[in-house]
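Report on the structure given below.
The values are calculated or read from the model by the stated rules, or taken from the named source; none is laboratory data. No experiment lies behind these values; they were computed from the predicted model shown. FYI the Cβ positions are ideal-geometry reconstructions off the backbone, even for glycines, and counts take in every protein chain you see. Areas reflect the complete protein model, heavy atoms only, side chains present, ligands, DNA and RNA absent. Shrake-Rupley method; radii C 1.70, N 1.55, O 1.52, S 1.80 Å.
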Amino acid sequence: MSRIGKTPIALPQGVDVKVEGPHVAVKGPKGALTVPFVDDYIAVNLEGDTVQVTCDSQEKSARSLHGLTRTLIANAVAGVTEGFSKNLDLFGVGWRAEAQGSKLTLHVGYSHPVVYDAPEGINIQVGNGESGSQARITVSGIDKQVVGQVAADIRFKRKPEPYKGKGIRYENEVIHWKQGKTAAG
């Protein structure tokens, strides 16, 4: 039995959870999410202000889905109450970002600006970063997977390079620097 899967999920005030066939609908102050699960092996039960996920089978695939389902439902509950966010920093001379609605325009050393159109439910903000970086991009939303994917897509536009450190980095990302060429003496 999964240690993560058997832990109950406490529901905060203002969160409504409904089990509708092979889906769990989570509704809260920030929005609503739907989490699918495999109803052949997994059962989701509402017990007062907690959600309990149980597994009927001892097959390896069923046991792995047990913890996954519980984590996805817990992330949905956290998303509709607090939300998720990821910060990206731009490192490069003259590099900047501009956010207008759901569009992010990046000027990151190419001959043309790169435009990224964010999916629905994702908020992108641009502000001043910490010392050394020109801009900080904040990606926020209620779905943890979508927030992470959007941040990865933006980072992919100009990944950090190991010689000068230029690129789009996650907030606390560590760059493994390489030594440049040296002049033969």
Filtering the range 18-65 for residues that are of a type outside the set (A, V, I, L, M) and touching a strand residue (DSSP E or B) at 6+ places or on another chain (Cβ under 8 Å) leaves a count of 17
Go through the range 75-116 and give me each residue that's surrounded by fewer than 19 Cβ atoms within 10 Å (Cβ to Cβ), closer than 24 Å to GLU161 by Cβ and touching a Pro at 6+ places or on another chain (Cβ under 9 Å). GLU98, THR105, HIS107
Looking at THR71, THR81, THR7, THR50, which one is within 30 Å of VAL126 (Cα to Cα), among the β-branched types (Val, Ile, Thr) and out of contact with any Phe, Trp or Tyr (no Cβ under 6 Å at 6 or more places or on another chain)? THR81
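Could you please let me know if GLN13 is open to solvent by 80 Å² or more (accessible area, probe 1.4 Å), outside any strand (DSSP E or B), modelled with pLDDT of 90 or more and not aromatic (Phe, Trp, Tyr)?
yes
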Residues of the range 135-165 being among the basic types (Lys, Arg) and farther than 14 Å from LEU88 by Cβ, in sequence order, are LYS144, LYS164
Every listed condition ((1) free of Cβ contacts under 8 Å to residues at least 60 places away in the same chain; (2) under 28 Å from ALA78 (Cβ atoms)) holds for GLN179 save (2)
Could you check VAL19 against (1) without any contact (Cβ under 8 Å) to a residue 40 or more places away in the chain; (2) touching a helix residue (DSSP H, G or I) at 6+ places or on another chain (Cβ under 7 Å); (3) assigned to a strand (DSSP E or B) and say which number it fails? (2)
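So, of the residues in the range 103-147 that are of a type in the set (Gly, Ala, Ser) and over 25 Å from VAL35 (Cα atoms), which turns out to be modelled with the highest pLDDT?
We begin by selecting, within the range 103-147, every residue of a type in the set (Gly, Ala, Ser); these are 109, 111, 118, 121, 127, 129, 131-133, 135, 140-141.
Now narrow it down to the ones that are over 25 Å from VAL35 (Cα atoms): 109, 111, 127, 129, 131-133, 135.
Working: GLY109: 90, SER111: 94, GLY127: 87, GLY129: 64, SER131: 52, GLY132: 51, SER133: 53, ALA135: 85.
The extreme case among them is SER111.
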Take the range 45-65 and flag every residue that is buried (at least 20 other Cβ atoms within 10 Å of the Cβ) and either more than 27 Å from the chain's Cα centre (by Cα) or farther than 24 Å from ASP16 by Cβ (or both). CYS55, LEU65
